[in-house]
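The values are calculated or read from the model by the stated rules, or taken from the named source; none is laboratory data. All of these numbers come straight from a predicted model, not from anything done at the bench. Cβ coordinates were reconstructed from backbone atoms using ideal geometry, including for glycine residues, and neighbour counts include every protein chain displayed.
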Ligand code: FES
């Protein structure tokens, strides 16, 4: 059911932890399962120089956070904002359809953190146009990739 890459990133996740003096923090929750993902970023000249995560969630969410953080490390904010949950799932050699929403959490954690960064520095980013921070009432939120 799970690809070797999913199992490998679940068993040996990269970039787990916190960054004490983070430049941006994103936190999202999945209203369906109650899982929570938090990401911490160090950003210099709009480049993500470090990123760590804590995920209280299922194996697919942990594998997705691990892969997503690997994919955006060293990338610009704009590049990180362009990362879709589909790309994260593809990099993991796929997720079962009922687990695609777990990869959405990773995409949203990145967006939430970049929104935090934008607010702290009064910046605007193309990839955040129309972004609405999670309100806690996300049943109405269209994740696009849900089962
Ligand atoms: Fe909750 Fe995967 S089941 S994020």
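Cβ-Cβ under 7 Å, sequence separation 6+ or interchain: first residue in the stretch 92-117 and free of Cβ contacts under 8 Å to residues at least 40 places away in the same chain, partner more than 15 Å from the ligand (Cβ to nearest atom). Which pairs?
Qualifying pairs under 7 Å: 107/83; 107/84.
For the stretch 95-128, enumerate the residues that are over 18 Å from residue 53 (Cα atoms) and surrounded by 15 or more Cβ atoms within 10 Å (Cβ to Cβ).
The answer is 95, 99, 100, 118, 125, 127, 128.
If you take the residues in the stretch 9-26 that are farther than 14 Å from residue 51 by Cβ and surrounded by 15 or more Cβ atoms within 10 Å (Cβ to Cβ), which one is farthest from the ligand (Cβ to nearest atom)?
9
Quick one: in the stretch 29-56, of everything that is modelled with pLDDT of 95 or more and on the phi > 0 side of the Ramachandran plot, which residue is surrounded by the most Cβ atoms within 10 Å (Cβ to Cβ)?
Going through the qualifying residues, I end up with 46.
Can you name the condition, by its number, that residue 93 falls short on among (1) in a loop (DSSP other than H, G, I, E, B); (2) within 16 Å of the ligand (Cβ to nearest atom)?
Looking at each condition in turn, residue 93 falls short on (2).
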